[in-house]
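What follows is one structure encoded as structure tokens, with my remarks underneath.
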Amino acid sequence: MIETLTSKTLAVRIVTTLAVLVMVMCICALLGSHRISLTQAFSGRHGIDGRNTDYEILVGVRLPRVCLAALVGAALACCGVVLQAILRNPLADPYILGISSGAGLGVIVAFLLGLSWTLCGVSGISVLAFFGAVTTVWLVWTVGRFAGKSHVMSLLLAGVVVNAFFSALIMFLISVAAAKHLRSTTLWLMGNIAETSWPVLAIASVCIIGGIIALFTATQSLNVLTFGEHEARALGVDPAKVRLFAFACSAFITAVAVSLSGLIGFVGLIVPHSVRLTFGPDHRQLLPLSAIIGAGFLVITDTLARTIIAPEQLPVGVITAVAGGPFFLFLLARYTRKVGWLK
């Protein structure tokens, strides 16, 4: 029997997962190579000698990093949900389709050009990241339709090709870059949640949460679109408009996330499928629950990355790739057995 999703059920699930997320974030903020005292941390900015180290570590370093990981995880998970819906392909996610690489190419160019300006809270890095993501979306869509619009696998293959091309461009730019850029650029390409400031977090929160809310308004249309284009038109939904809106929102929040954290793969693949298997395929709950659980997933993996070999730190992208690689192969094998390879 198919469960009917009610507003009460949806509200209970969202509130419950949010409560778990807050608890996870609080616990992870307390973990690190340096043990802190909560009593000392909450005693204020200034300690006995005029400086409270525990306060500075908790409020100035760990809490912003945990919040950044939550924002990036929510953004990537939501993009995975949307791309899987509009492409009707369970293997789609921002990393595999090349959107992350496109945004990454824009960020690398901004790094090498030394673009450090900020206008109304928007940096040159974010602008080029957004341009790279949108360009990738356009390329994947164009190449996919040209290669064979009758089969959803064509868009996935187009994304893989564009991803490989942009990755090659990134490697070329790194090879000719000055030595002083190499370490930071390499860590960024691996996916690295670094310390950030509260003002940057505030701007990123507005952009990412605003984009997720915009996508939530289209969840009913996404539900209809999963049945196919003809069925969607019969029910009064314009597939072209829904895809354009969803692609634009996904590119925007992916660009913001990538500009802050680098190339973190497989979050948009692991989380949506896990939520779908647990709670069902209705996008009215799939999107918000994936955002919340994706946030918690990346907070936990980033905590592992900064504690597993403490005091040294691993890029969080290494942890997600180790978890996501086998998961992707499992989905690929399951999907190709179901539909046949390029049949």
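The values are calculated or read from the model by the stated rules, or taken from the named source; none is laboratory data. Since the model is a prediction, treat every value here as computed from it, not as a measurement. Because the Cβ atoms are built from the backbone with ideal geometry, glycine has one as well, and the counts that use them run over all protein chains shown.
Candidates G50, G32, G44: the one that is surrounded by 11 or more Cβ atoms within 10 Å (Cβ to Cβ), at pLDDT below 90 and not acidic (D, E) is G32. Note on the range 212-330: enclosed helices (runs of 4 or more DSSP H) holding 3 or more residues that are surrounded by 24 or more Cβ atoms within 10 Å (Cβ to Cβ) are 239-261, 267-279, 283-307.
Among the criteria (1) more than 26 Å from T17 (Cβ to Cβ); (2) in a helix (DSSP H, G or I); (3) at pLDDT 80 or above; (4) hydrophobic (A, V, I, L, M, F, W, C), the one A333 does not fulfil is (3). Looking at this structure, is F297 over 29 Å from F111 (Cβ atoms) and in contact (Cβ under 8 Å) with a residue 24 or more places away in the chain? Taking the combined requirement at face value, the residue does not satisfy it.
Any chance the range 276-294 includes a residue that's under 18 Å from C78 (Cα atoms), in contact (Cβ under 8 Å) with a residue 24 or more places away in the chain and acidic (D, E)? Looking for residues that are under 18 Å from C78 (Cα atoms), in contact (Cβ under 8 Å) with a residue 24 or more places away in the chain and acidic (D, E), one finds at least one in the range 276-294, hence yes. Candidates in the range 115-174 are the residues that are of a type outside the set (A, V, I, L, M, F, W, C), closer than 30 Å to G228 by Cβ and more than 20 Å from the chain's Cα centre (by Cα); of these, the one that is modelled with the highest pLDDT is T142. Do we find a residue being in contact (Cβ under 8 Å) with a residue 12 or more places away in the chain and within 19 Å of V137 (Cα to Cα) anywhere in the range 234-242? Within the range 234-242, one or more residues are in contact (Cβ under 8 Å) with a residue 12 or more places away in the chain and within 19 Å of V137 (Cα to Cα). Could you check the range 87-104 and list, in sequence order, the residues that are surrounded by fewer than 24 Cβ atoms within 10 Å (Cβ to Cβ) and among the β-branched types (V, I, T)? If the condition is that a residue be surrounded by fewer than 24 Cβ atoms within 10 Å (Cβ to Cβ) and among the β-branched types (V, I, T), then I96 is the only one that fits. Can you find even one residue in the range 193-210 that is β-branched (V, I, T), touching a strand residue (DSSP E or B) at 6+ places or on another chain (Cβ under 9 Å) and either assigned to a helix (DSSP H, G or I) or under 21 Å from I292 (Cβ atoms) (or both)? For the range 193-210, residues β-branched (V, I, T), touching a strand residue (DSSP E or B) at 6+ places or on another chain (Cβ under 9 Å) and either assigned to a helix (DSSP H, G or I) or under 21 Å from I292 (Cβ atoms) (or both): present. The lone criterion from (1) more than 29 Å from G114 (Cα to Cα); (2) of a type in the set (G, A, S); (3) out of contact with any helix residue (DSSP H, G or I) (no Cβ under 8 Å at 6 or more places or on another chain) left unmet by A158 is number (3).
No other residue among T301, T278 is at pLDDT 90 or above and more than 22 Å from L155 (Cα to Cα) apart from T301.
Given the structure, is F266 aromatic (F, W, Y), under 30 Å from T186 (Cβ atoms) and modelled with pLDDT of 85 or more? Judged against the criteria, F266 is a match.
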